[in-house]
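Trainee: Quick one: structure below, then a few questions.
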Amino acid sequence: MVIIIGVSMLVPAAVDLYYGNPDWRIFAQASMTTIGLGGMACLACRSDIGPRVTSRQGYVLTVVSWIAVSLTGALPLWYSSLDISFCDAVFETVSGLTTTGSTVLSGLDQMPPGLLVWRSIMQWLGGIGIIVTALALLPMMRVGGMQLFQMESSDRSEKLSPRIRDMCMQIVLIYVSLSVICMLLYRFFGMTW
């Protein structure tokens, strides 16, 4: 999840670079830092055993992931030209990732375009992140939703992961498609970029 946040920071970096805003450097640096941290975490947690996750491990993994994503997602806001505190940057990030819509920022109309794009990306990723996290982790923890993946075979371990992965990919495809359709309709009916 942290790597996805890091890669996503490149979009507002490109937007700010296009509009000549100096915050593009902050997004690029935060992106590289976040991708590096995510890569190190992946290497540290690599295992030959497989993705067997107990309920306790699943809960810890979920909590640590959301904390890591919230802290790394706050970096561009904290170091940006907005001059806000780290607590405000984390609040803004958590608000976006949980799709609550709360904000501590004022003057959104005057904000640099890259920061507006970053706020939108966090909310978009938060919306799909909740769905995919629930579908990927809950069945492995054997709580809620497991009945969606039950099979007639007695050996569920090898067949469960591909089905979950396929379902997550289908949901991502639907989510992306609906987002693009919505964006095009907004543009068609006169909304500016």
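The values are calculated or read from the model by the stated rules, or taken from the named source; none is laboratory data. Owing to the predicted nature of the structure, the values given are computational and were not obtained by experimental measurement. Note that we place each Cβ from the backbone using ideal geometry, even for glycine, and neighbour counts take in every protein chain shown.
Trainee: Of the numbered conditions (1) surrounded by fewer than 16 Cβ atoms within 10 Å (Cβ to Cβ); (2) in contact with a Pro (Cβ under 8 Å, 6 or more places away or on another chain), Ser80 satisfies every one except a single condition; which is it?
Mentor: Unmet for Ser80, out of (1) surrounded by fewer than 16 Cβ atoms within 10 Å (Cβ to Cβ); (2) in contact with a Pro (Cβ under 8 Å, 6 or more places away or on another chain): (1).
Trainee: So which residues in segment 107-123 are over 13 Å from Val11 (Cα atoms), part of a helix (DSSP H, G or I) and either in contact (Cβ under 8 Å) with a residue 12 or more places away in the chain or touching an Asp or Glu at 6+ places or on another chain (Cβ under 7 Å) (or both)?
Mentor: If the condition is that a residue be over 13 Å from Val11 (Cα atoms), part of a helix (DSSP H, G or I) and either in contact (Cβ under 8 Å) with a residue 12 or more places away in the chain or touching an Asp or Glu at 6+ places or on another chain (Cβ under 7 Å) (or both), then Gln123 is the only one that fits.
Trainee: Moving to a separate point now. Within segment 142-193, restricting attention to residues that are of a type in the set (Val, Ile, Thr), at pLDDT below 80 and surrounded by 10 or more Cβ atoms within 10 Å (Cβ to Cβ), which residue is farthest from Ser120 (Cα to Cα)?
Mentor: Val143
Trainee: Let me ask another. List the number of the failed condition for Thr103; all other conditions in (1) assigned to a helix (DSSP H, G or I); (2) closer than 23 Å to Trp24 by Cβ; (3) without any contact (Cβ under 8 Å) to a residue 40 or more places away in the chain hold.
Mentor: Thr103 satisfies all of (1) assigned to a helix (DSSP H, G or I); (2) closer than 23 Å to Trp24 by Cβ; (3) without any contact (Cβ under 8 Å) to a residue 40 or more places away in the chain except (1).
Trainee: May I pose another question? Which residue, of Ala28, Ala41, is part of a helix (DSSP H, G or I) and modelled with pLDDT under 95?
Mentor: The unique qualifying residue is Ala41.
Trainee: For segment 72-85, state whether one or more residues are more than 16 Å from Gly6 (Cβ to Cβ) and assigned to a helix (DSSP H, G or I).
Mentor: Checked against the condition, which is being more than 16 Å from Gly6 (Cβ to Cβ) and assigned to a helix (DSSP H, G or I), segment 72-85 yields no hits at all.
Trainee: Give all pairs with beta carbons closer than 9 Å in which a residue from segment 23-38 that is touching a residue at least 24 places away in the same chain (Cβ under 8 Å) meets a residue that is polar (S, T, N, Q) and loosely packed, with under 15 Cβ neighbours inside 10 Å; count only pairs at least 6 apart in sequence or on separate chains.
Mentor: Listed pairs, sorted by first residue: Asp23/Ser81; Ile26/Ser81.
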